[in-house]
Amino acid sequence: MPASAANPPPSRPIGAATEDGDPLALALFGLTAVSGLIDAVSYLGLDHVFAANMTGNVVVIGFALAGAPGFSTLGSLTSLGAFLLGAALGGRLTTGRLRPALAAETLLHLAAAVVAFAVGTGGAVQYGVIALLAVAMGLRNATVRSLGVPDLTTTVLTMTLTGLAADTRLAGRHSPHQRRRILAALTMTAGTAPGALLVLHHHLPWALLLAATITAATAVLYRQPA
């Protein structure tokens, strides 16, 4: 099979300039909100595990190994392994193509929601829910990474916030991406807050359904450039 058939070309040039209001940037802002929602669910409702932010899981594993109470080595390792599996799948199947990644992510969020509604998230079941969410986030991260949009990774804000502070007049620098960086932080918070509220009020399955709904809406509303 020719390489071009196995790996179809991306929907846009990798690393191409992207304005904050163009369809791709708007879609990535929506997905950033979903990341905040998913991590609120997984951290507050699934034994202090991160399904989107893998840096957090590496830190949590260290806490657990040191004997800190309330942290799960197994849960974080499950999330980390599932995330890597999802990223591998994304790298092979959806590189540069956002819509297929969003369709797969929506189905995985829905599957997690169905499990949570049907049997809850207690005991061993929570590891299955963690795995479904982490696979979804790994697949999406691989796709977003291939698109190469600066400061819109959708899951990690550390470098985004670093750029926000480093590219200021105080630092003697200027960047056209400052508004984007601020919006990325705000959309992450906009997802985290309702996710936390739903979990704290014992509506975790509804939070997962909300994540699936936002992801599906993003896929439907996204207009791929010609």
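The values are calculated or read from the model by the stated rules, or taken from the named source; none is laboratory data. These numbers come from a predicted model, not from an experiment. The area values use the complete protein model at the heavy-atom level, side chains included, leaving out ligands, DNA and RNA. Shrake-Rupley method; radii C 1.70, N 1.55, O 1.52, S 1.80 Å.
Within the listed set Met54, Met188, Met159, the residue fluctuating most in the Gaussian network model of the chain (springs between alpha-carbon atoms under 10 angstrom) is Met159. Calculated accessible area for segment 144-185 comes out at 60 Å² per residue, all protein chains present (probe 1.4 Å; ligands, DNA, RNA ignored).
Highest mobility in the GNM of the chain, judged by mean-square fluctuation with C-alpha springs under 10 Å and restricted to Leu147, Leu28, Leu200, is found for Leu200.
The sum of -39500 (n - 2.57) across all DSSP H runs of n ≥ 4, divided by the residue count of the chain, sets its helix-only mean residue ellipticity at 222 nm to -23000 deg cm²/dmol.
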